[in-house]
Each structure stands twice: as C-alpha cells, then as structure tokens.
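Student: The structure is given below, and queries will be raised subsequently.
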Amino acid sequence: MCCESKRRFLLLYATQKGQAKAIAEEIWQQAGAHGLEADMHCISEMDKYNLETEKDPVVIVISTTGTGDPPDTARKFVKKIQDKTLPPDHFAHLQYGLLGLGDSEYMLFCNGGRTVDRRLQELGAQHFYDTGLADDSVGLELVVDPWIDGLWFALKEALQLQKEKEGMKNAVGLVSSSLPTAPHAVCELKLSSEVQNLKLEDEGARDSDVLSQKLNDIRLVAPAGDTEPSLVHSVPPVSQSALNIPALPPEYIEVEFQDTPGENPHLSSLISEGTTFEVPVARAVQLTREDAIKTALLLELDITDTAFEYQPGDAFCVICPNNVIEVEELLHILGLFGKGDDFVCVKVKQGTKKKGASRPQHIPERSTLKFILTWCLEIRAIPKKAFLRALVECTSDAGEKRRLQELCSRQGASDYACFIRDSNVCLLDLLHAFPSCKPSLSLLIEHLPKLQARSYSVSSSNLYQPGRLCFVFNVVELPAGPSRPVSRKGVCTGWLAELVAPLLHHSKNSLDTKGESSSTEKISIFPRPNNAFHLPADPSVPFIMVGPGTGISPFIGFLQHRQKLREQHTDWKFGETWLFFGCRHHDRDYLFKQLRCFLENGTLTHLKVCFSRDYSTAEVAPPKYVQDVLRLCAKEVARVLLKERGYFYVCGDKKHMADDVSDAVVDILSMEMEVDKLEAMKILAMLRDAKRFLQDVWS
C-alpha cells in the first residue's frame with residue numbers, strides 16, 4: 001500500500017455529548033495506518049458531502065439521545081432521508097457500515113442508529129459491514145473496539161470490489177461502445193457477518209495503531225499480601241501482560257496566559273440549544289423529613305418577566321457550574337493555584353496533526369482560567385481511554401505510568417470497567433490516585449467534554465400558577481469508596497441545594513404558593529420541550545400516571561392543569577384520572593400529601609399509594625411498590641388502556657422502577673386478554689407506537 005495513493009471512505013458522525021465524535025476521530029486516526037483516508041464530517045454538515053452521489057464506502061457513527069431520538073446534530077439529516085417521496089432505490093448505489101451508540105437502561109436502545117440504518121435499507125443502501133450497537137451501560141468499548149478492528153478488512157474488501165466493478169464497467173464500456181446497449185445485472189455487495197470478528201494479527205496492522213508495551217517494561221505489582229486489583233494496583237495476568245494500548249491522540253490546543261484584563265463571556269454564549277433565561281428563585285421547600293434517606297427539594301422560579309413558555313410534561317435545563325472547591329483543588333494540582341482569575345487565550349496549536357482541528361465550541365476564545373474550569377468543562381466526567389493514554393505521557397512515576405497504560409489497554413478492559421467506569425471515577429480522583437501525573441490545561445480542554453446543562457421535569461402548570469415554574473429533585477449523594485477518596489453531591493443538585501439554603505422552608509409537602517421568600521438568587525435556564533409527554537388533547541380520554549418518588553413531579557403539573565380546566569370549562573366532559581405513587585416511608589418522604597386535595601375536588605379520580613419501608617402489622621402485607629399496586633388494579637388498568645383507549649404515563653427511575661412497571665403492564669395485558677406474554681408485549685409495543693404508553697425516565 002505504501003506505493004499507492006490512500007483509498008478514501010466517507011466518515012460521518014452524529015453526536016450529542018461528544019462520544020460519537022471521539023470514536024469517529026479514533027477511526028480517522030487509525031485509517032492512515034491501514035492505507036486508507038477517512039473524509040470525516042459531522043452529519044449536520046450536509047454541504048460538505050452528498051450521499052446521493054457518493055461512490056466510496058460510508059461509515060456512520062451515531063448516538064441516541066432523549067427517549068430514543070437521534071442526536072440534535074442528525075435531525076436535519078434524518079428529516080431529509082425520511083422524505084416519503086424518495087424512491088426505494090434512492091440509495092441503491094450506497095455501501096455503508098453503521099456503529100450505533102446507546103444505553104440499554106433506556107427503552108429504545110440505540111434507536112438513533114437503528115432509525116438511520118432502517119431508513120437507509122428501505123432506500124436501497126447496502127451494508128458492506130454489519131451494524132454494531134454499543135451499550136454504554138456495560139461499556140461502549142466492548143463493542144466499539146472489535147467493531148473498529150473488523151472495519152479495516154471490510155473496508156478494503158469493499159474498496160477492492162468497487163475497483164473491480166469499475167474496471168469491469170470500463171472494460172464493458174469499451175466493448176459496448178460499438179454494440180447495442182443491453183441490460184446487465186449488477187452484483188450486490190454482501191460480506192459475511194464473520195468479518196466483524198476477524199483478527200488482524202496476520203496483517204500486521206495492529207502494530208501501527210497501537211503501541212505494544214513489552215514485558216521488560218516496568219510493571220506495577222500489588223504489594224505483598226494484596227491479591228485483589230484496585231484502581232492503583234494490578235495483579236496477574238494484567239500485571240504480567242504485554243499491553244496493546246491506544247495510539248497517542250495528537251495535541252491540538254494551545255493556551256496562552258494574557259496580562260490584559262477583560263470580561264468573561266455571558267453564560268448564554270455557551271448554549272447552542274436556544275434562548276436562555278436568567279430567572280430568580282422565588283421559593284424553596286424541603287419536601288422530605290431530615291431523617292429521610294434522600295433529601296427532596298421543590299424550587300419555584302419566577303418567570304413573570306420572561307418569554308419562557310411551557311406545557312405540563314415539558315422539561316427544561318439548568319445551566320450549572322462545577323463545585324467551587326473541586327475547581328480550586330484542580331487548579332492547585334495543575335500548579336495554577338492563584339492564577340484562576342488570569343485571562344487565557346485558547347487557540348489551535350500550529351502544526352497539529354489532528355484533522356480539521358478547531359477550538360471546541362464550548363470553550364471561549366478568551367476568558368479566565370477559572371471560568372473555563374467552572375462553566376465549560378465537565379470535570380466530573382468519567383475519563384475515556386484516549387484521555388488515560390494522554391495522561392500516561394504526563395506521569396513521571398514508572399509504576400503509575402504502567403498502571404495507567406494497563407487501564408487504557410485491551411488487556412485491562414475489565415479493570416477499566418470496574419475501577420473507572422462503574423466506580424464513576426473522575427479526573428480529580430485519578431490525579432489523587434496517581435500523584436505524579438501533572439497534565440496541562442490544554443490537555444484538559446482537549447479531552448474533557450462540555451459541561452452539560454441538567455434537565456428537570458416541570459412540576460407546575462402556567463394556568464394554575466401564572467408566571468411560575470416549579471420543579472422537584474433529590475439532592476444526589478455520591479458516597480466515598482475505594483476509587484473515590486471523598487463523598488460528593490451531584491454537580492447541579494448539590495449547587496442548587498447550597499444556593500437556596502438561606503431561603504429554604506421546611507414546611508414539607510407543600511403545594512401552597514403563599515409565604516414566598518424574597519430572593520436575589522438567580523439561575524439560568526432554557527426550555528427543552530417534550531414532543532409527546534403531555535396530557536391527552538381530548539380531555540374526555542382517561543389516563544393513568546405512575547410516578548414514585550420525585551417521578552411524581554410532572555404529574556403535579558398535570559393535575560394542576562386539569563383542575564384549572566375543570567374550573568374554566570364546566571360543560572366539558574373529563575375522563576377519569578389514576579395516580580400510583582410510592583415512597584419509602586409515609587412520615588418521611590411522602591412528597592405531596594396534599595394530593596388528597598385533588599382527590600376531594602374531583603380532579604383526581606383514584607389515588608393509590610404504597611410505602612416500601614414502613615413496617616406493617618396487617619395479616620396480609622400491603623403492596624410495597626407501584627408495580628404491585630398496578631397488578632392489584634389489573635382489571636381497571638386493562639379497561640382504561642384497551643376498552644377506553646386511555647393513556648399510560650410513567651416517570652421516575654429507569655433501572656429500579658420503569659422496567660418493573662412495564663413488566664407489570666405486560667402481565668396485566670396477558671392476564672386480562674388471555675394471551676401469552678409475547679402477544680402482550682406486542683400490544684404494549686403498539687401502545688408505545690401510538691404514543692399512549694409514555695415514559696419520562698432517567699438512570
């Protein structure tokens with residue numbers, strides 16, 4: 001290949017938080033070593049590529065966001081290919097391979113990738129390589145790494161077949177130029193699915209995109225008597241293995257300190273999603289008792305003087321900073337303590353080998369050092385393997401260097417999963433664990449993702465409380481552990497709790513809007529409308545709400561809205577409403593005891609409540625969880641869903657509740673319709689497709 005020009009393929013990525021882009025960049029970096037050239041673009045840059053005329057193979061890396069949606073960067077592309085007027089052979093010329101990223105904790109796993117994959121197939125495109133679906137809940141690298149390994153063979157085969165077809169076409173063209181035209185068959189490209197599992201050792205390709213750590217290099221061996229691995233210690237076989245570690249990502253950012261003062265950019269400049277609003281916190285209430293396992297807070301925002309609009313069921317995002325103490329600690333470790341207020345200029349490093357290098361959009365060209373670390377970078381992000389690989393070069397201690405190499409290597413994949421990903425280790429944890437590691441600020445900007453705004457469900461109705469926006473959240477607690485030396489609170493919930501502490505009311509379980517505290521505290525928010533999680537358009541349609549814990553939040557808005565509609569439209573017919581709520585203890589974390597007010601005025605038809613940790617002396621133990629109560633109401637649930645064509649809403653924790661609720665509904669449908677579970681699952685899927693079974697869940 002060294003004597004031939006590199007063969008091109010088109011590489012597209014669609015990313016929400018940077019994962020898909022990082023993987024695409026890894027593919028781009030490895031391509032050269034295989035004699036290939038990746039023409040890489042974000043899928044949104046439709047002026048830079050054209051699939052309608054693309055002759056070379058196409059590789060697509062695409063993530064999933066929300067409840068199974070393609071990422072924002074892919075919306076225009078998806079809309080374009082979903083045009084129903086396109087003929088079924090629109091992409092008959094196209095060969096592609098697709099890698100989808102998702103999280104199986106959510107219902108529609110990898111649906112962003114599946115949607116694009118399915119539509120390309122419908123329009124005649126052909127796979128030259130099997131689709132890969134990577135699961136973030138168990139580790140993307142478990143699928144991503146072998147998928148990339150097999151990609152090179154599949155690409156070369158596809159390009160070779162393309163070359164042969166072009167040669168044959170040219171030869172036929174020379175002959176047929178003197179003959180009458182006749183139809184001819186074009187063979188389809190179908191490569192075996194076994195390509196994905198092919199090994200490349202015999203091609204010698206691995207040596208060019210990974211560095212082999214030889215056995216005679218320094219090894220980090222656990223101290224005598226310590227037979228268990230940890231974040232900082234390895235044991236055989238990893239400690240005695242030659243390592244395959246990723247290629248070193250090219251540096252591309254340069255940071256210059258400046259003497260001239262200035263002003264930091266406004267927070268709104270960091271947000272690309274739309275208009276931001278700076279609004280005061282009008283009221284804060286602690287809904288749980290002090291001895292509750294979790295602390296739940298209700299915040300009421302004053303949006304009177306803004307153009308902020310919402311419907312019950314919508315979500316919105318809060319722009320939040322990193323913890324002040326953690327930022328100061330990071331500055332100290334970086335050797336920049338005392339320089340946090342100095343202005344820096346961030347620009348692309350001259351002569352960088354990174355293709356299309358540019359300053360990340362979330363990093364201002366000029367700001368203070370502290371502004372970047374506080375508002376721009378997700379310093380709590382779990383470090384990716386590419387970041388670990390870069391940190392190796394910043395580590396002076398040989399033993400620490402070896403351990404970081406192990407953690408980013410193929411051989412150390414299980415250690416990475418256990419001690420970094422599953423332990424939610426962040427950069428600060430790593431720098432404490434490996435004290436000789438001294439990264440530069442530019443390296444942090446290159447590898448830490450954007451600090452994301454946090455999304456919350458609206459817990460109010462603009463009809464019921466004009467000019468007010470309420471939301472409810474638990475203050476997230478992250479306990480200390482073997483890989484995390486100190487306990488921490490959630491980035492946003494911890495900041496909000498500290499912010500509103502001076503005006504916090506302990507009048508728990510209050511839906512009353514009186515007794516407001518005057519507050520000068522403001523937060524920046526922007527809307528994130530939900531396209532489906534809304535009340536039925538027809539008020540006569542009945543609906544069921546399932547929301548244990550803070551999952552009740554959007555349903556408070558539903559009920560407030562319904563109450564106002566009943567007051568304003570006495571001649572309307574309203575369908576029955578069911579609410580299933582659960583918590584641990586009746587006295588400690590029953591978030592809204594005033595729900596009975598909705599029951600008494602007729603807004604809520606049925607209220608079913610359960611308490612999972614309360615001791616009962618009853619002969620027959622009461623149900624502990626919402627899914628148990630649902631099963632007790634099986635006939636009514638089936639009637640609302642099937643006979644009356646009602647809606648079913650679920651909000652709350654995905655991992656420990658939403659799946660169990662779905663299972664309960666399947667059991668109810670199976671029992672009441674007298675069908676097997678497979679058929680019941682199909683019925684539930686139909687309800688989802690009809691937007692009558694709706695979820696707003698988080699993991």
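Student: Restricting to region 248-261, name every residue that is in contact with a strand residue (DSSP E or B) (Cβ under 7 Å, 6 or more places away or on another chain) and either outside any loop (DSSP other than H, G, I, E, B) or open to solvent by less than 40 Å² (accessible area, probe 1.4 Å) (or both).
Tutor: Result: Tyr252, Ile253, Glu254, Val255, Glu256, Phe257, Gln258.
Student: Please specify each residue of region 419-437 satisfying the condition of being hydrophobic (A, V, I, L, M, F, W, C) and closer than 16 Å to Asp136 by Cβ.
Tutor: Those that are hydrophobic (A, V, I, L, M, F, W, C) and closer than 16 Å to Asp136 by Cβ: Ile420, Val425.
Student: Restricting to region 287-337, count the residues that are on the phi > 0 side of the Ramachandran plot and touching a helix residue (DSSP H, G or I) at 6+ places or on another chain (Cβ under 8 Å).
Tutor: Within region 287-337, residues that are on the phi > 0 side of the Ramachandran plot and touching a helix residue (DSSP H, G or I) at 6+ places or on another chain (Cβ under 8 Å) number 1.
Student: Ok, one more. Go over the candidates Thr64, Thr85, Thr115 one by one and state the one that is touching a Lys or Arg at 6+ places or on another chain (Cβ under 9 Å) and either buried (at least 21 other Cβ atoms within 10 Å of the Cβ) or among the β-branched types (Val, Ile, Thr) (or both).
Tutor: When all the criteria are applied, what remains is Thr64.
Student: Can you find a residue that is at pLDDT 95 or above and under 21 Å from Leu684 (Cβ atoms) anywhere in region 588-604?
Tutor: Checked region 588-604: no residue is at pLDDT 95 or above and under 21 Å from Leu684 (Cβ atoms).
Student: Just to be sure, is Glu278 surrounded by fewer than 16 Cβ atoms within 10 Å (Cβ to Cβ), modelled with pLDDT of 95 or more, out of contact with any Pro (no Cβ under 7 Å at 6 or more places or on another chain) and not assigned by the TED database to the domain that holds His586?
Tutor: yes
Student: Within 21 Å of the chain's Cα centre (by Cα) and under 27 Å from Pro237 (Cβ atoms): which single residue out of Cys408, Cys437, Cys418, Cys426 fits that description?
Tutor: Cys418
Student: May I ask you to list the residues in region 553-582 that are crowded, with 23+ Cβ neighbours inside 10 Å and assigned to a helix (DSSP H, G or I)?
Tutor: Once the filter is applied, which keeps residues that are crowded, with 23+ Cβ neighbours inside 10 Å and assigned to a helix (DSSP H, G or I), region 553-582 yields Ser553, Pro554, Phe555, Ile556, Gly557, Phe558, Leu559, Arg562.
Student: Would you please list the contacts, defined by Cβ atoms under 7 Å and residues six or more apart or on different chains, that run from a residue in region 333-350 that is open to solvent by 30 Å² or more (accessible area, probe 1.4 Å) to a residue that is among the aromatic types (Phe, Trp, Tyr)?
Tutor: Asp342/Phe257; Val348/Tyr252; Lys349/Tyr252
Student: Do the conditions hold for Ala690, that is, is it of a type in the set (Gly, Ala, Ser) and touching a residue at least 12 places away in the same chain (Cβ under 8 Å)?
Tutor: no
Student: When you scan region 21-48, how many residues do you find that are closer than 21 Å to Lys76 by Cα and surrounded by fewer than 17 Cβ atoms within 10 Å (Cβ to Cβ)?
Tutor: Result for region 21-48: 4.
Student: Let me ask you something else. Take the conditions of a type in the set (D, E, K, R), touching a residue at least 60 places away in the same chain (Cβ under 8 Å) and touching a strand residue (DSSP E or B) at 6+ places or on another chain (Cβ under 8 Å) and apply them to Glu576. Does it pass?
Tutor: Yes: the conditions hold for Glu576.
The values are calculated or read from the model by the stated rules, or taken from the named source; none is laboratory data. All of these numbers come straight from a predicted model, not from anything done at the bench. For neighbour counting, all protein chains shown are included, and Cβ atoms are generated from backbone atoms with ideal geometry for every residue, glycine included. Heads up: the accessible areas ignore ligands, DNA and RNA and are worked out on the full protein's heavy atoms, side chains in. Shrake-Rupley method; radii C 1.70, N 1.55, O 1.52, S 1.80 Å.
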